[in-house]
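Report on the structure given below.
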Amino acid sequence: MKIHEYQARELLRSFGIPVPAGVVIESVEDAAQAYKKVADEAFGAAAADGQGPLVVIKAQVHAGGRGKAGFVELVRSAKKAEDAARFMLTNRMVSPQTGPEGLEVKKLLVAAGVDIAKEYYLAITTDRKTRRNVLIASSEGGVEIEQIAHDRPDAIIKEPLHPLLGLQGHQARRVAFELGFKGKQVNAAASIMTKLAKLFIEKDCTIAEINPLIVTPGNASNPDGQVLAIDAKFNFDDNGLFRHTDITALADSTEENPAEMRAHRFGLSYIALDGNIGCLVNGAGLAMATMDIVKLHGGTPANFLDVGGGATEEAVTEAFSIILSDPAVRGVLVNIFGGIMRCDIIAQGIINAATKHKNPDGSLGFKVPLVVRLEGTNVEAGRKLLSDAQSKIPTMQPATDLTDAAKKVCAAVG
Ligand code: GDP
Ligand code: MN
């Protein structure tokens, strides 16, 4: 589960990590007022129009790369704040993390802007290779971090967390020195690292990332500058959510793929992809094998829907309906190896979908080619149900094995 940046900032604050203040708005009309409020609170009564205090307007979407896409804007007047808000709320954001259709922006964070002397990268995640949680840090944080990690992996520091003790003080301080922090910055940065590590464990995160962590230029009251988090991204382990009602309360269903949500309600796993063959399978391993063989025969999956082990007839019917609701689907491949999942339940789901699923044009059932490969528990009963119903499902062809099924569906979608 993901959360928005403004929620992530609140979470950082609750663990004692310093973050500039901000407010959330949902309409262009609120932008000028929000600018004045944030400027007033952060910089005192000096807030004025024109060359006023620095405020940052940031799109709140579950995707990164906002800076490069023009959805993080620094402004110095209420008028400019309004212009930036209008742009972000009326254009879809397209970044390497969104797909070409982009995302609608519904919320903006209006936050106190800061002057930046240097940007750093800080994250905690799980390293599958060493089977440990790991602190990842770089003195070259900011919007180019992916490129840096790719081109110069040596610019990235990795420090494993102790399985029981977490990130220890001496480790955090050593990393802070390695990153080049000086004077008072060292303890400030080390303390942020240990707090982030604590947050990661306590909240069952799969990633806790601050990018950038910044140092402000030094001044009379803070000669070494301040160390602040100005952007954060979290992902939480869905299997741990049951014990974090505070986190589940932050879920924003409008940011989730609607088909994936619908599947989730029926205990199905649905993953949207960008091809044109809908795949209904049981089990993650079979899903991977099915997609590989579809690719091998020149097709591209539009999605895969894993009905898992013990899905009911109702859930299977829903599964077909979800696949058929995707306008990109030009053909459907059913590949079931019945174990606990019975082939006759799948067959009944196909028949139900063929007679009940309503298409947008009002017609019923499968308008696209359907290729079915069934094996395993109750396969004879399943095949009989389907052959008896063939006249109701004219686009259906049976397949003898997986290769035959993949070839048939690829040929059918052209
Ligand atoms: P992202 O592109 O989605 O990761 O959004 P970020 O919040 O990380 O912002 C992208 C970049 O905008 C940062 O790396 C900074 O360089 C810049 N930026 C964001 N907030 C501020 C700010 O308050 N002041 C200054 N000077 N730059 C900022
Ligand atoms: Mn960022």
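Summary table below
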quantity	calculated
Coordinate range along principal axes, alpha carbons of the chain, Å, largest first	85, 50, 39
Whole-number D in µm² s⁻¹ for region 134-233, Kirkwood Cα-pair radius fed into Stokes-Einstein, 37 °C, 0.692 mPa s	232
Portion, in percent, of the accessible area of the chain that falls on carbon or sulfur, probe 1.4 Å	53
Computed P(r) (all Cα pairs; region 1-159; 5 Å bins; percent)	2, 9, 15, 18, 19, 16, 11, 6, 3, 1, 0
Probe 1.4 Å, all protein chains present, accessible-area order of Glu314, Glu256, Glu202, largest first	Glu314, Glu202, Glu256
Fraction of antiparallel bridges per DSSP, the chain only, in percent to nearest 5	70
Computed accessible area, Arg132, all protein chains, 1.4 angstrom probe, square angstrom	90
Amide H partners (placed H, <5 Å) of Met396, local residues excluded	Leu370
Within-13-Å neighbourhood charge of Leu364 [Cβ basis; K, R +1; D, E -1]	+3
Radius 12 Å from Cβ of Gln97, net charge of other residues (Lys, Arg +1; Asp, Glu -1)	+3
Rounded to whole Hz, the Karplus (6.51, -1.76, 1.60) HN-Hα couplings of region 321-337, x for glycine and proline	4, 5, 4, 6, 6, 8, x, 6, 6, 10, x, 10, 10, 9, 10, 10, 10
Inter-centroid distance (Cα atoms) of region 357-404 relative to region 219-268, Å	40
FRET efficiency, 1/(1 + (r/R0)^6) with R0 41 Å, evaluated for Glu260 and Arg132 via beta carbons	0.85
Probe 1.4 Å - accessible area at Ile210, Å² to nearest ten	0
Charge tally in the Cβ shell below 10 Å around Ala272, where Lys, Arg are +1 and Asp, Glu are -1, Ala272 excluded	-3
Inter-probe distance in nm under a simple model that places probes 7 Å from Cα toward Cβ, at Asp404 and Ser391	2.5
Å² per residue, accessible surface of the chain at 1.4 Å	48
FRET E, pair Phe177, Lys384, Förster distance 51 Å, beta-carbon r, rounded to 0.05	0.10
For His297, distant residues with modelled amide H under 5 Å away	none
Spin-label model distance (nm) - Lys68 vs Thr355, 7 Å beyond Cα toward Cβ	5.3
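The values are calculated or read from the model by the stated rules, or taken from the named source; none is laboratory data. Just so it is clear, the model here is predicted, and its values are computed rather than measured. Quick reminder, even Gly has a Cβ in these numbers, built from the backbone with ideal geometry, and neighbours come from all protein chains shown. Protein only, heavy atoms only, side chains kept; ligands, DNA and RNA dropped before computing areas. Shrake-Rupley method; radii C 1.70, N 1.55, O 1.52, S 1.80 Å.
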